[in-house]
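Heads up: the structure comes next, in structure tokens.
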Amino acid sequence: MTRISVKVDGTNYEDEVEPRLLLIHYLRDRLGLTGTPIGCDTSNCGACTVDLDGESVKSCSVLAVQADGSEVTTVQGLTTNGEWTGLQRAFHERHALQCGYCTPGMIMAARDLLRDNPHPTSDEVRHALEGNLCRCTGYQNIVRAVLDASEDASAHASPQEVRT
């Protein structure tokens, strides 16, 4: 067992974990944060995308011990008191989902894009989301939602970040 200290969605955790435990399993099984789904378990689909120290990563390809001393934000950590970010609102308003399984990963990857490029083109959105697969929507509404959100200053920020 290895001792880790990690901040997840604003809460500090210290735990003993198996060195080979994947971050996705730590988040879901140990912390009960089931908003990040397990998709393919091979890093192909992107459903498990989370923010690790300011970068989007596929949590099925990161060991929990690699997150030691880090800050992780899941899709659940974006809302505060039920208040959505502009990006989440855009996904809802544009119906950028169908079954919703890929949505958490899409939102986290789009958030990363908007942090680096607040006003992307349609092609830049498509390129940024290449590592996230959706088998239902055809991507049109997802791209539209990200473009809509790019006009909103709060799109990539959590409600706490917008207020400060």
### Calculated log₁₀ intensity ratio I(q)/I(0) where the Debye formula runs over C-alpha points of segment 76-119, q = 0.24 Å⁻¹
-0.93
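By how many nm would the segment from residue 2 to residue 83 lengthen if fully extended, with 0.36 nm per residue of separation less the alpha-carbon distance?
Gain on extension, residue 2 to residue 83, equals 25.6 nm.
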### Query
Quick one: length gained pulling residue 55 to residue 126 fully straight, 0.36 nm per residue minus the C-alpha distance?
23.8 nm
### Query
Dividing the Cα convex hull volume of segment 39-88 by residue count, how many Å³ per residue is that?
91
### Task
Run the dipole for the chain about the Cα centre, Lys and Arg Cβ at +1, Asp and Glu Cβ at -1, nothing else charged, and hand back the magnitude in debye, nearest 20.
400
#### Entry: Cα-based helix-to-principal-axis angle, 140-150 vs the chain, degrees rounded to 10
90
### Kirkwood hydrodynamic radius of segment 1-87, Cα pairs, Å
13.0
### Task
Please give the net charge around residue 30, taking every other residue with its beta carbon less than 12 angstrom from that of residue 30, where Lys and Arg add +1 and Asp and Glu add -1.
-4
### Task
Take the alpha carbon atoms of segment 111-144, find their center, do the same for segment 34-99, and report the distance between the two centers in whole angstrom.
14
### Task
Can you run the Rg to Rh ratio on the chain? Use alpha carbon positions and the Kirkwood inverse-distance Rh.
0.97
### Summary
Along the dipole axis of the chain (charges at Cβ: +1 for Lys and Arg, -1 for Asp and Glu; origin at the Cα centre), the most positive-end residue among 80, 149, 136 is 136
### Query
Using the per-residue mean of other Cβ atoms lying within 10 Å as a proxy for protection, in what order, highest first, do the peptides 88-95, 99-106, 45-52 fall?
45-52, 99-106, 88-95
### Task
Determine ³J(HN,Hα), in whole Hz, for all residues of segment 45-51 in sequence, where each value follows from phi through the Karplus function 6.51 cos²θ - 1.76 cosθ + 1.60 and θ = phi - 60°; x replaces Gly and Pro.
9, x, 4, 8, 5, 9, 9
### Considering only the chain, percent of DSSP beta bridges that pair antiparallel, nearest 5
90
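Read-outs: derived from the displayed coordinates by stated rules, not from any lab. The model shown is predicted, which means the values in this text are computed figures rather than measured ones. Using ideal geometry, Cβ is built from the backbone for each residue, glycine included, and neighbour counts are taken over all protein chains shown.
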